[in-house]
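Peer 1: Please see the structure below; I have some questions.
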Amino acid sequence: MSASATPPEVDPPTKVALTTKISTTKGIDQILVEPIVIRTRSLERKLARSGSHGAACAISLAAGLDLLDQRDHPNRPFTIVLLGGTGVGKSQLFSTLAGTPGASPSSDAERNYTRVPYVACSPKERALTNIPDNCDPVWVDWERNSTVLIDTPDIDGMVLANRQVTKKLLGLADLVVFVTSPDKLANAVPFEVLKEWAPLTRWAFVLNKADLVSNPALNAIDWASRLSEIGFADVPIHTTVASVATDPGLARLALALFADRPPSRVRLLRHEAFLRVCHLALALDRLENLDLARAKLLARRDQLALGLHLALVKGLGQAETAESFRTILGDGVWQKLPAEAGPLLFLPIWAKGRFFSLLTGYQFSRLALAGPTIIGAGLLGLSAATGLYRNYGPLRRVVDNLGNSYRVALEQTRNDTQHTLEDMGLPSPEKSTLPTVQESKDSPPWMRFIEDRIKSWAMKGTDDGVLESLDTDIERASLSIARGVWRTPLGMLTWILGNLLPAAMLGWILYRAGTGWYWANYPDTSFFLSSFLLWCVSFGPGFFLVWTLVWQRVHRIPMVGLIHQNREPLAVRPLSQAAEDLEEIKSEALRLRESFSQNLSQLEAGENGVWGNPQRQ
């Protein structure tokens, strides 16, 4: 019988017909379980690296994996563990089932008489039981193969070591037989252990010493009612009199416990136990710790980012420095705009963002094709120098003028970020794993490589830490502003107008040229020249609107608003990355939890109802 713990997200069990045989398709357990084991090991490692926030889940998943490794041996015998409190006749029941009177000594006068486990198994299978030597088991030879019967120390005894031994043996159990008696139904300690271990294995329930009461059926009904409160629904109660070897209840119990079980069925049962343990490990209340840690990281990130933003605003206090910052930001926006500008409007925007690079390339091509001249070389040098100054002069001016206060604030923010991660027990992400700005689609890799080399030369001698932080933050702010341009109503209208007018003009030009060729009225060169000029002019309205939107967003917004376009400065990016990692772990845990539930349903359905049909919540 399977059961679940009391938390609402755990599946409540239903009764199990232990005596029914099944025909399990070979390999169904491997097909369903083995892929999920790989995912579980991966998630367990991630949770272990998430500090105390996922420690409970990681420990429980590790326990489930250990349980699978410990139980999932092809030759390991089916293990039945008797569990109960003092004086319920558990030891006498063990001796009777093992067919050896007095195999596990018992006493009605002395409490906690069973202090070590008694294990009935075939001598040749002792090494396969995995029972730890420190449990000091007493071996009872048994002729039955592929089955082990264990009598555990009383779970409600005063000796803590005995309880620990019993719990170790419960971890090995394929089936636990919970034994009580009419005079011990109110015993609280065994019942608490039952609730704790309910979802981790299969259960059978025995009401022993049924001869103590005149109507044991009423006691069985009362006990079944108590069991239903912790999730067991309609469980059969075996009433026995262990002191009477000919008791019919003992015969029925033995038939249920020792029925022939194919190895595939036993392995399926052990895999189901693994799934139940791991499903419980990912309980929703445990996963909430990841959400709390993520919220704490984001709050700390925003706090540190605000302080760094204020330091940057203070550093940009000079008018010349502030204007240079806006120039850099505007250039960055123009370079990010083409990615979402549409199929035609991206052309003039791309040309605007690369104007000096295109001009330098044009002068170089003229010099290469027409031959070297003094004027050509001068124009090439002038365009290259102008481009360098226009692109990197403002950036260098900003880096040099920010002052020592910003450098101190930047270093302090980095230290605070690192300390926050250390205090929360989270690893610092590698620099290579930090989220980067999405690469623009407006230039090929070779051009970006050349630009990076030129930039390294132009910015030589500046503070590398400040330059890296400022450059990355401007890139992200530029990307945020560029995306915002197209997401306003005026931006969407600009996108439509800026692409529709050139498309309509291009269509009209192609139509005129096509009809002329069709009727043999071939257009002359002036037609194509004027058509090209008209097509270029058709970009004007859209380009003007884009220029207006960019100018308003870069030059009309206060400096604080511009800086806040980047919510994640480079110095606090590790906090954002850690928060994203926790969110990814939470999502993966929820997906895996759902997979546990689905696999349990498929395993139980594959058993054709033999193992019960838990009602999931």
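The values are calculated or read from the model by the stated rules, or taken from the named source; none is laboratory data. Owing to the predicted nature of the structure, the values given are computational and were not obtained by experimental measurement. Cβ placement follows ideal geometry from the backbone for every residue including glycine, while neighbour counts extend to all protein chains displayed. The area values use the complete protein model at the heavy-atom level, side chains included, leaving out ligands, DNA and RNA. Shrake-Rupley method; radii C 1.70, N 1.55, O 1.52, S 1.80 Å.
Peer 1: Report the residue count in segment 464-487 for those that are open to solvent by 60 Å² or more (accessible area, probe 1.4 Å) and farther than 19 Å from V333 by Cβ.
Peer 2: 2
Peer 1: Please identify the pairs in which a residue from segment 558-572 that is of a type in the set (S, T, N, Q) and modelled with pLDDT of 85 or more has its Cβ atom under 7 Å from the Cβ atom of a residue that is open to solvent by 40 Å² or more (accessible area, probe 1.4 Å) and in a helix (DSSP H, G or I), counting only partners at least 6 apart or on another chain.
Peer 2: Sorted first by the residue in segment 558-572, then by its partner, the pairs are Q565/S480; N566/R476; N566/S480.
Peer 1: Restricted to segment 167-216, and to residues that are in contact with a helix residue (DSSP H, G or I) (Cβ under 8 Å, 6 or more places away or on another chain) and hydroxyl-bearing (S, T, Y), which residue is farthest from L97 (Cα to Cα)?
Peer 2: Ranking the qualifying residues of segment 167-216, first place goes to T201.
Peer 1: Please go through segment 378-413 and give me each residue that is touching a Phe, Trp or Tyr at 6+ places or on another chain (Cβ under 7 Å) and at pLDDT 85 or above, ordered by number.
Peer 2: Scanning segment 378-413 gives a single hit, V398.
Peer 1: Something else about it: Could you tell me whether segment 178-185 includes any residue that is polar (S, T, N, Q) and either without any contact (Cβ under 8 Å) to a residue 24 or more places away in the chain or surrounded by fewer than 15 Cβ atoms within 10 Å (Cβ to Cβ) (or both)?
Peer 2: The answer is no, given that none of the residues of segment 178-185 is polar (S, T, N, Q) and either without any contact (Cβ under 8 Å) to a residue 24 or more places away in the chain or surrounded by fewer than 15 Cβ atoms within 10 Å (Cβ to Cβ) (or both).
Peer 1: Can you tell me which of S576, S595 is at pLDDT 90 or above and either closer than 30 Å to A283 by Cβ or acidic (D, E) (or both)?
Peer 2: None of the other options fit; the residue is S576.
Peer 1: A further question on this structure: Kindly indicate which of D463, D416, D423 is modelled with pLDDT under 90 and either of a type outside the set (A, V, I, L, M) or in contact with a Cys (Cβ under 7 Å, 6 or more places away or on another chain) (or both).
Peer 2: Being modelled with pLDDT under 90 and either of a type outside the set (A, V, I, L, M) or in contact with a Cys (Cβ under 7 Å, 6 or more places away or on another chain) (or both) holds for just one of D463, D416, D423, which is D463.
Peer 1: How many residues, within segment 482-493, are within 12 Å of V546 (Cα to Cα) and either without any contact (Cβ under 8 Å) to a residue 60 or more places away in the chain or touching a His at 6+ places or on another chain (Cβ under 8 Å) (or both)?
Peer 2: Number of matching residues: 4.
Peer 1: Next up: I'd like to know if segment 271-286 contains one or more residues that are surrounded by 19 or more Cβ atoms within 10 Å (Cβ to Cβ), touching a residue at least 40 places away in the same chain (Cβ under 8 Å), of a type outside the set (A, V, I, L, M) and on the phi > 0 side of the Ramachandran plot.
Peer 2: Within segment 271-286, none of the residues are surrounded by 19 or more Cβ atoms within 10 Å (Cβ to Cβ), touching a residue at least 40 places away in the same chain (Cβ under 8 Å), of a type outside the set (A, V, I, L, M) and on the phi > 0 side of the Ramachandran plot.
Peer 1: Suppose we filter segment 12-31 for residues that are out of contact with any Gly (no Cβ under 8 Å at 6 or more places or on another chain) and either modelled with pLDDT of 50 or more or open to solvent by less than 20 Å² (accessible area, probe 1.4 Å) (or both); how many remain?
Peer 2: 5
Peer 1: Let me ask something additional. Considering only segment 366-379, I want to know if a residue exists there that is β-branched (V, I, T) and surrounded by 15 or more Cβ atoms within 10 Å (Cβ to Cβ).
Peer 2: no
Peer 1: Could you please find all residues in segment 294-306 being under 17 Å from the mean Cα position of the chain (by Cα) and closer than 14 Å to P574 by Cα?
Peer 2: Listed by number, the residues that qualify are R294, L297.
Peer 1: Looking only at segment 116-137, how many residues end up being buried (at least 16 other Cβ atoms within 10 Å of the Cβ), without any contact (Cβ under 8 Å) to a residue 40 or more places away in the chain and either under 15 Å from F94 (Cβ atoms) or not hydrophobic (A, V, I, L, M, F, W, C) (or both)?
Peer 2: So the count comes out to 4.
Peer 1: With respect to V546, determine if the residue is in a helix (DSSP H, G or I) and under 30 Å from L308 (Cβ atoms).
Peer 2: no
Peer 1: Still on this structure, I have one more. What residue, of L253, L207, is buried (at least 21 other Cβ atoms within 10 Å of the Cβ) and without any contact (Cβ under 8 Å) to a residue 40 or more places away in the chain?
Peer 2: Answer to the selection: L207.
Peer 1: Take L490 and tell me if it is open to solvent by 30 Å² or more (accessible area, probe 1.4 Å) and closer than 16 Å to L347 by Cβ.
Peer 2: Taking the combined requirement at face value, the residue does not satisfy it.
Peer 1: In addition: I need the full set of residues from segment 509-525 which are open to solvent by 40 Å² or more (accessible area, probe 1.4 Å) and outside any helix (DSSP H, G or I), in order please.
Peer 2: W519, A520, N521, Y522, D524, listed by residue number.
Peer 1: Do we find a residue being crowded, with 16+ Cβ neighbours inside 10 Å, touching a Gly at 6+ places or on another chain (Cβ under 8 Å) and at pLDDT 85 or above anywhere in segment 210-233?
Peer 2: yes
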